[in-house]
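Engineer: Next up is a structure, given as structure tokens.
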Amino acid sequence: MTTHTKVPLLDLTRTEPLLQAELREAFERVLRSGQYIMGPELTAFESECAAFISAKHALGVSSGTDALILALMALGIGPGDEVICPTYTFFATAGAIWRVGARPVFVDIEPSTYNCDPAAIRAKIGSRTRAIIPVHLYGQSADMDAILAAAGDIPVIEDAAQAIGTKCGSTQVGALGTFGCFSFFPSKNLGCLGDGGLLTTDDGSLAEKARILRVHGAEPKYHHHVVGGNFRLDALQAAFLRAKLPRLPAGTAARRRNAAKYRECFEEAGVVAESPIDVGAGEIGLPFARRDHTYNQFVVRVRCRDELRKWLASRGIGTEVYYPVPLHEQECFASLQHRAGEFPHAERAARETLALPIFPELSDGELRHVADSAIEFCRRSARG
Ligand SMILES: *Cc1c(COP(=O)(O)O)cnc(C)c1O
């Protein structure tokens, strides 16, 4: 592969022609129907999703963020309440807690999976704890058995925004806790052509509450016993997602194949750290392989992360840092009075992790170019 080849982190324009035709047909169908909000496309998509995830109830909502807010609102969580979540995640996990007026109580991560540490959760449970939000980060299942055991009667809201289709044991994530929250942001494994999300639950009365809160708390229309919001998923996005959902398993399989190829390349070249959490100068820590993973991101750990990122960029390779600043260090949460050093695994991950291109349409040649470039970087670093 020549050095001019550009390998993007993600390329959404590579949608296969057949799917493009199906998306156009979905658009035509909604246009002809004249029904753009709620209606049959949405309810059909919701039952297809409920069946796919094996959850009793699924509600299409405006975004993954709004799915989290809706779950918290349906549980009646607000001022004076505490909600436990990891400090190393996308901002929305804690932002949603803050938005309902509750206090995010951060916990550190397991260094090998970047998912929240169940023992840390147990240690933070107190008299004000009203919910726990574990995140299935990068598409990998959190340790749900231990988290559910630690939670006891406290509701668990799974942030499965990056993990649709990931299993924990024989159950899909999002179907294990009280609520599951999914995002259809275009870069997620099932993305729509805009913003969208999904809320799942097995609890009929919570599903009903969420359904009412989704439309300003109206039940019946124009009669409000509670204040909700506009948390609806557009019929158009539901129709697009109905076209894409049947292709999700193939996309996931391709992501897993790409991950296996990266692993093979790095292992063959002998640049893999003995312990993925203790990388040396010329080594790469690979994603922990023993928990189910659908690879929304393929995240490696490298001591000289910023140098690797620059090196790859100079070879036309797109990468991203998820996430450079842990949430306890964000300015907007300064009033929580956390200090640097309080969550050492999260802080180290923020310094050392880098996401490589993993999207399903990535070609073998492109993957090889990324792997070879990273390997060359490791060899040069090892020589110091
Ligand atoms: C993407 C994401 C969200 C928010 O989803 P949006 O649809 O962008 O609002 C929440 N949590 C995590 C972990 C995410 O990756």
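Engineer: Calculate I(q)/I(0) for the chain by the Debye formula, one identical point scatterer on each C-alpha and no solvent, and give its log10 at q = 0.12, 0.15 Å⁻¹ to two decimals.
Structural biologist: -0.93, -1.34
Engineer: I need the shape label for segment 229-384. Rule: rounded when a/c is under 1.5, else prolate if a/b > b/c, else oblate, with a, b, c from the alpha carbon gyration tensor.
Structural biologist: Cα axes put segment 229-384 in the oblate bin.
Engineer: Now for a different question. Compute the FRET efficiency between TYR222 and LEU31 as 1/(1 + (r/R0)^6), taking r as their Cβ-Cβ distance and R0 = 45 Å, and round to the nearest 0.05.
Structural biologist: Result of the calculation: an efficiency of 0.95.
Engineer: For the chain, what is the accessible area per residue in Å², given a 1.4 Å probe and the full set of protein chains?
Structural biologist: Spelled out: the 1.4 Å probe surface of the chain, per residue, equals 43 Å².
Engineer: Roughly how big is the chain's charge dipole about its Cα centre, with Cβ charges of +1 (Lys, Arg) and -1 (Asp, Glu), in debye to the nearest 20?
Structural biologist: 400
Engineer: Specify the angular offset, from 0 to 90 degrees and rounded to the nearest 10, of the alpha carbon long axis of helix 305-314 from the longest principal axis of the alpha carbons in the chain.
Structural biologist: Orientation of helix 305-314: about 80 degrees from the principal axis.
Engineer: Give me the Kirkwood hydrodynamic radius of segment 208-290, using the inverse of the mean 1/r over all pairs of distinct Cα atoms, in Å to one decimal.
Structural biologist: 17.3
Engineer: Still on this structure, I have one more. Which of rounded, prolate, oblate describes segment 1-150, given a ≥ b ≥ c as roots of the alpha-carbon gyration tensor eigenvalues and a/c under 1.5 marking rounded, otherwise prolate only if a/b is larger than b/c?
Structural biologist: oblate
Engineer: Assuming a ≥ b ≥ c are the square roots of the Cα gyration tensor eigenvalues, decide whether segment 1-85 counts as rounded (a/c under 1.5), prolate (otherwise, with a/b larger than b/c) or oblate.
Structural biologist: oblate
Engineer: Please give the contour-minus-distance gain from ALA269 to LYS124: 0.36 nm per residue of separation, less the Cα-Cα distance, rounded to one decimal in nm.
Structural biologist: Contour length minus the Cα-Cα distance gives 48.0 nm.
Engineer: On a 22 Å Cα-Cα criterion, which of the cross-link pairs LYS6/LYS244; LYS167/LYS244; LYS188/LYS244; LYS167/LYS209 come out too long?
Structural biologist: LYS6/LYS244; LYS167/LYS209
Engineer: Please go through segment 244-307 and write out the trypsin sites (Lys or Arg not before Pro) that DSSP classes as loop and that have at most 11 other C-beta atoms within 10 Å.
Structural biologist: Within segment 244-307, the qualifying trypsin sites (Lys or Arg not before Pro) (loop, at most 11 other Cβ atoms within 10 Å) are ARG290.
Engineer: Here's another thing I want to ask about it. Dividing the convex hull volume of the Cα atoms of segment 180-237 by its residue count, what figure in Å³ per residue is obtained?
Structural biologist: So the per-residue Cα hull volume is 92 Å³.
Engineer: If you roll a 1.4 Å probe over the chain with all protein chains in place, what percent of the accessible area is carbon or sulfur?
Structural biologist: Carbon plus sulfur share of accessible area: 53 percent.
Engineer: Could I ask something else about it? Which value at 222 nm does the chain reach when only helices count, each DSSP H run of 4 or more adding -39,500 (n - 2.57), with the total divided by all residues and rounded to the nearest 500 deg cm²/dmol?
Structural biologist: Computed mean residue ellipticity for the chain: -12000 deg cm²/dmol.
Engineer: A further question follows. Please give, to one decimal in nm, the separation of the simple spin-label points placed at CYS332 and GLU16, each 7 Å out from Cα toward the Cβ.
Structural biologist: 3.8
Engineer: Residue-wise, which Karplus ³J(HN,Hα) couplings in Hz belong to segment 283-291, taking 6.51 cos²θ - 1.76 cosθ + 1.60, θ = phi - 60°, and x for glycine or proline?
Structural biologist: Coupling constants for segment 283-291: 10, 10, x, 8, x, 4, 9, 8, 10 Hz.
Engineer: A further question on this structure: Taking R0 as 35 Å, what FRET efficiency do you get between ASP364 and THR171 from their Cβ-Cβ distance, rounded to the nearest 0.05?
Structural biologist: 0.55
The values are calculated or read from the model by the stated rules, or taken from the named source; none is laboratory data. Keep in mind the model is a prediction, meaning the values are calculated, not measured. FYI the Cβ positions are ideal-geometry reconstructions off the backbone, even for glycines, and counts take in every protein chain you see. Accessible surface is based on the protein model in full, side chains and every heavy atom, while ligands, DNA and RNA are left aside. Shrake-Rupley method; radii C 1.70, N 1.55, O 1.52, S 1.80 Å.
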